[in-house]
1. Inspect the stretch 14-30 for any residue being in contact with a strand residue (DSSP E or B) (Cβ under 8 Å, 6 or more places away or on another chain) and within 18 Å of residue 130 (Cβ to Cβ) and give the result as yes or no.
2. I'd like the full set of residues that are over 20 Å from residue 125 (Cβ atoms) and crowded, with 19+ Cβ neighbours inside 10 Å, limited to the stretch 14-34.
3. Between a first residue in the stretch 108-136 that is loosely packed, with under 14 Cβ neighbours inside 10 Å and a second residue that is part of a loop (DSSP other than H, G, I, E, B) and at pLDDT 90 or above, which pairs have beta carbons less than 9 Å apart while being 6 or more apart in sequence or on different chains?
4. With the stretch 45-119 as the region, which strands (runs of 3 or more DSSP E) entirely inside it contain at least 2 residues that are farther than 17 Å from residue 27 by Cβ?
5. Do the conditions hold for residue 34, that is, is it more than 13 Å from the chain's Cα centre (by Cα) and assigned to a strand (DSSP E or B)?
6. Is it the case that residue 96 is loosely packed, with under 13 Cβ neighbours inside 10 Å and either in contact (Cβ under 8 Å) with a residue 12 or more places away in the chain or at negative phi (or both)?
7. Between a residue in the stretch 1-12 that is touching a residue at least 40 places away in the same chain (Cβ under 8 Å) and any residue that is assigned to a loop (DSSP other than H, G, I, E, B), which pairs come within a Cβ distance under 6 Å, given they are 6 or more apart or on different chains?
8. For the stretch 53-78, give me each residue that is exposed (fewer than 11 other Cβ atoms within 10 Å of the Cβ) and over 12 Å from the mean Cα position of the chain (by Cα).
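The values are calculated or read from the model by the stated rules, or taken from the named source; none is laboratory data. Computed from a prediction, not measured in an experiment: that's the story for all the values here. Here the Cβ positions follow ideal geometry from the backbone for every residue, glycine too, while neighbour counts run over all protein chains shown.
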């Protein structure tokens, strides 16, 4: 894959990358360029969250690692629930297990992307596996 500078994100513009995006990550530009040019699929990660401004390594990935640089491969495909569509008292069900929970708290200011409490705090990525149970 050809290296495109417009797809590189740093601490300065990290907030522009959406959690759930498919990315290549590294801590230095040389390594990031090599990964992109080699188009090594095994190095692609899912961006879980963007850490706050006071963090050097702002890109938190699905490998539970944080990195300084990020190369956007593709933006997330919207699916599942998004926290702004939920209200306190809503019933939600986990698609993969059938688990049912009630939304009991919403934290709209959370910087770790865990806005919904339904028995435990659920990350925005975790909500992709949940659906809202409609009242009959």
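1. Residues of the stretch 14-30 in contact with a strand residue (DSSP E or B) (Cβ under 8 Å, 6 or more places away or on another chain): 14-29.
Going one step further and asking which of them are within 18 Å of residue 130 (Cβ to Cβ), we end up with 19-20.
Yes: the stretch 14-30 contains one or more residues that are in contact with a strand residue (DSSP E or B) (Cβ under 8 Å, 6 or more places away or on another chain) and within 18 Å of residue 130 (Cβ to Cβ).
2. Initially, the stretch 14-34 is screened for residues over 20 Å from residue 125 (Cβ atoms), giving 26-34.
Within the stretch 14-34, 26, 32 meet the criteria.
3. Final answer for the pair search is 111/51; 111/52; 119/99; 119/104; 133/90.
4. On the way: elements: 45-50, 59-61, 69-74, 91-94, 100-102, 114-117.
Hits in the stretch 45-119: 45-50, 69-74, 91-94, 100-102, 114-117.
5. Numbers: more than 13 Å from the chain's Cα centre (by Cα): yes; assigned to a strand (DSSP E or B): no.
Answer is no for this residue.
6. On the way: loosely packed, with under 13 Cβ neighbours inside 10 Å: yes; either in contact (Cβ under 8 Å) with a residue 12 or more places away in the chain or at negative phi (or both): yes.
When the stated conditions are applied, residue 96 passes them.
7. Cβ pairs passing all conditions: 9/17; 11/58.
8. Going through the stretch 53-78, the residues exposed (fewer than 11 other Cβ atoms within 10 Å of the Cβ) turn out to be 54, 56, 64, 74, 77-78.
The answer is 54, 56, 74.
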